[in-house]
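This report refers to the structure that appears directly beneath it.
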Amino acid sequence: MPRIERTADIVWEGNVARGGGAITAGTGAFQALPFSLATRIGNPEGKTSPEELLAAAHGGCLTMSLASELTQAGTPPGRIESTCLIVMDEVPEEGHQIVASHVTIHATVEGVEPGDLVETLERADAGCPFSTLLRKAGVEVTINLV
């Protein structure tokens, strides 16, 4: 796989309590997604947050990795649905930290036994750069197949 580089542009205006920002993908896939402290820690009001973007990144990476593992095994998925929950919490003497990433996956794959799917998911997790990054950072990563 070639080296991959992606960018995002972020603009912030005002102080942290009352200000706000916008995040734009360098690819143009999304533009000016609004975020603020108030919507980060309270009601999102249709705005995003760094944690939500991390959830999308980890869930998307793991889902793609599972599709790749299944395809390589000759049993490409019909459909994979994933949900990723990122948890940020107060850690004593460290402040707010990302402490967990919980991924729930439902996969529709013809001809694959549930036990084989669990093994394939373990390989997919091992091959997911976001799972590796989070674990190396001390984050609890759980993956549930439903």
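The values are calculated or read from the model by the stated rules, or taken from the named source; none is laboratory data. Predicted model only: the values in this text are computed from it and were never measured. Cβ: placed from backbone, ideal geometry, glycine included. Neighbour counts: every protein chain shown.
Given the structure, is ALA57 touching a residue at least 60 places away in the same chain (Cβ under 8 Å), closer than 30 Å to THR108 by Cα and among the small types (Gly, Ala, Ser)?
The answer is yes for ALA57.
For GLY115, are the conditions met, namely being in a loop (DSSP other than H, G, I, E, B) and exposed (fewer than 11 other Cβ atoms within 10 Å of the Cβ)?
The answer is no for GLY115.
Return the only residue of GLU13, GLU5 being over 25 Å from VAL103 (Cα atoms) and either without any contact (Cβ under 8 Å) to a residue 40 or more places away in the chain or in the same structural domain as PHE130 (by TED's automatic domain parsing) (or both). I'd like the intermediate steps shown before the answer.
Details: GLU5 fails: over 25 Å from VAL103 (Cα atoms).
Going through GLU13, GLU5 in turn, just one is over 25 Å from VAL103 (Cα atoms) and either without any contact (Cβ under 8 Å) to a residue 40 or more places away in the chain or in the same structural domain as PHE130 (by TED's automatic domain parsing) (or both): GLU13.
If a residue has to be loosely packed, with under 15 Cβ neighbours inside 10 Å and not in a strand (DSSP E or B) to count, how many in segment 74-85 make the cut?
Selection size over segment 74-85: 3.
Table: residues versus (1) more than 22 Å from ILE23 (Cα to Cα); (2) in contact (Cβ under 8 Å) with a residue 40 or more places away in the chain; (3) not in a loop (DSSP other than H, G, I, E, B).
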| residue | (1), (2), (3) |
| --- | --- |
| GLY46 | no, no, no |
| LEU53 | no, no, yes |
| HIS96 | no, no, yes |
| VAL141 | yes, yes, yes |
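Could you list all residues from segment 103-112 that are over 14 Å from the mean Cα position of the chain (by Cα), under 21 Å from GLY60 (Cβ atoms) and surrounded by 11 or more Cβ atoms within 10 Å (Cβ to Cβ)?
If the condition is that a residue be over 14 Å from the mean Cα position of the chain (by Cα), under 21 Å from GLY60 (Cβ atoms) and surrounded by 11 or more Cβ atoms within 10 Å (Cβ to Cβ), then HIS106, ALA107, VAL109 are the ones that fit.
What is the residue count in segment 9-26 for residues that are surrounded by 13 or more Cβ atoms within 10 Å (Cβ to Cβ) and farther than 17 Å from PRO44 by Cβ? Talk me through it step by step, then tell me what you get.
First pass over segment 9-26, keeping only residues surrounded by 13 or more Cβ atoms within 10 Å (Cβ to Cβ): 12, 20-25.
When the remaining residues are screened for being farther than 17 Å from PRO44 by Cβ, the result is 12, 24-25.
Looking only at that region, the number is 3.
On the given criteria, is MET88 in a helix (DSSP H, G or I) and either under 18 Å from the mean Cα position of the chain (by Cα) or at pLDDT below 95 (or both)?
Considered against the rule, which asks whether it is in a helix (DSSP H, G or I) and either under 18 Å from the mean Cα position of the chain (by Cα) or at pLDDT below 95 (or both), MET88 comes out as no.
Going through LEU70, LEU66 one at a time, which residue ends up being farther than 15 Å from ILE143 by Cα, of a type in the set (A, V, I, L, M, F, W, C) and assigned to a helix (DSSP H, G or I)?
LEU70 is the lone residue from the list that is farther than 15 Å from ILE143 by Cα, of a type in the set (A, V, I, L, M, F, W, C) and assigned to a helix (DSSP H, G or I).
What are the pairs with Cβ atoms under 9 angstrom where one residue, in segment 67-78, is in the same structural domain as ILE105 (by TED's automatic domain parsing) and the other, located anywhere, is hydroxyl-bearing (Ser, Thr, Tyr) and part of a helix (DSSP H, G or I)? Sequence gap at least six, or different chains.
GLU69/THR120; LEU70/THR120; ALA73/THR120; THR75/THR120; PRO77/THR71
Looking at this structure, is ALA55 surrounded by 10 or more Cβ atoms within 10 Å (Cβ to Cβ), within 19 Å of ILE98 (Cβ to Cβ) and modelled with pLDDT of 95 or more? Quick ask: steps written out before the conclusion?
Working: surrounded by 10 or more Cβ atoms within 10 Å (Cβ to Cβ): yes; within 19 Å of ILE98 (Cβ to Cβ): yes; modelled with pLDDT of 95 or more: yes.
In short, yes.
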